[in-house]
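*Asks:* The structure under discussion is supplied below as structure tokens; questions concerning it will follow.
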Amino acid sequence: MVFLLGDVADKGVGAALYMALYRSLLRASLNNGMLMDDPSAKLIRAVKHTNDYVCATHEGALFATLFVAILDPESGQLVYLNAGHNPPLYLNSNRSELVHPSGPALGILAQQEFWTRDLVFGSGDLLFVYSDGLEDAKNKSGELFGQERLLTTMAGDGATASGIISAVDDFSGEAAQFDDLTLLCLKRI
């Protein structure tokens, strides 16, 4: 099972077109490597190919951050690559930890090094992957929702996608939405 969340710098039609490009390249590269047994090698190959292609063919491209992972549902082995994306939060019964980047954002420099990390995703464990729009949500006073408030919400009773989005919406109130609010929650049952 492969899942990803990416975020392109900027807003509007141009950013959406670059996101479509990144997504298409990643999808094609991952599908092209489906026969590879090593999930780490598969992720690194796909991300390097995408990064190098964008850098070589789209001078001045908008960069993108990316979190991409492969989960083996039977063993719970989760192999991930975090290319400059916000650190997702991983929660299990023993601890919570931020999943830090394992490489730079895509589309800035060719021939970058990327690496993967892994964890065992146990029964009941949660992984929250999100765009910076959640942290950057503002209220009418201009105060940011912020990482600390977001992590507290994720680790608390609101640890569901709808609970987190509700907390951000309640905080923002009548303030105009500044950025996208994208959240991917994965729970192993």
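*Asks:* Just checking, how many residues over region 162-189 are closer than 17 Å to G124 by Cα and exposed (fewer than 14 other Cβ atoms within 10 Å of the Cβ)?
*Replies:* Within region 162-189, residues that are closer than 17 Å to G124 by Cα and exposed (fewer than 14 other Cβ atoms within 10 Å of the Cβ) number 1.
*Asks:* If we keep just the residues of region 136-145 that are touching a residue at least 24 places away in the same chain (Cβ under 8 Å) and assigned to a loop (DSSP other than H, G, I, E, B), which is farthest from L5 (Cα to Cα)?
*Replies:* K140
*Asks:* Right, next: Could you check, for region 37-57, whether at least one of its residues is under 15 Å from L127 (Cβ atoms), surrounded by fewer than 18 Cβ atoms within 10 Å (Cβ to Cβ), of a type in the set (S, T, Y) and more than 16 Å from the chain's Cα centre (by Cα)?
*Replies:* The answer is no, given that none of the residues of region 37-57 is under 15 Å from L127 (Cβ atoms), surrounded by fewer than 18 Cβ atoms within 10 Å (Cβ to Cβ), of a type in the set (S, T, Y) and more than 16 Å from the chain's Cα centre (by Cα).
*Asks:* Could you please let me know if D179 is part of a loop (DSSP other than H, G, I, E, B), under 30 Å from T50 (Cα atoms), modelled with pLDDT under 90 and not polar (S, T, N, Q)?
*Replies:* yes
*Asks:* Among the residues of region 124-141, which ones are exposed (fewer than 14 other Cβ atoms within 10 Å of the Cβ) and modelled with pLDDT under 90?
*Replies:* Scanning region 124-141 gives a single hit, G124.
*Asks:* Among the candidates K11, K48, K42, single out the residue that is closer than 30 Å to E148 by Cα and among the basic types (K, R).
*Replies:* Step by step, each of K11, K48, K42 is checked, and only K11 is closer than 30 Å to E148 by Cα and among the basic types (K, R).
*Asks:* Among (1) modelled with pLDDT of 85 or more; (2) part of a helix (DSSP H, G or I), where does M154 come up short?
*Replies:* (1)
*Asks:* Which pairs have Cβ atoms under 9 Å, sit 6 or more apart or on different chains, and link a residue in region 116-135 that is closer than 26 Å to S75 by Cβ to one that is assigned to a strand (DSSP E or B) and basic (K, R)?
*Replies:* G124/K187; D125/K187; L126/K187; L127/K187
*Asks:* Further question: Name the residue that is nearest to E135 (Cα to Cα), counting only residues in region 86-123 that are among the small types (G, A, S) and buried (at least 18 other Cβ atoms within 10 Å of the Cβ).
*Replies:* The qualifying residue nearest to E135 (Cα to Cα) is A105.
*Asks:* Looking only at region 87-117, count every residue that is polar (S, T, N, Q) and under 28 Å from D10 (Cα atoms) and tell me the total.
*Replies:* Final tally of qualifying residues: 4.
*Asks:* Right, another one. With (1) within 19 Å of the chain's Cα centre (by Cα); (2) part of a helix (DSSP H, G or I); (3) of a type outside the set (A, V, I, L, M); (4) surrounded by 17 or more Cβ atoms within 10 Å (Cβ to Cβ) as the list, and E148 as the residue in question, which single condition is left unmet?
*Replies:* The number of the failed condition is (4).
The values are calculated or read from the model by the stated rules, or taken from the named source; none is laboratory data. Computed from a prediction, not measured in an experiment: that's the story for all the values here. Every residue, glycine as well, gets a Cβ built from its backbone with ideal geometry; the counts of neighbours run over all protein chains shown.
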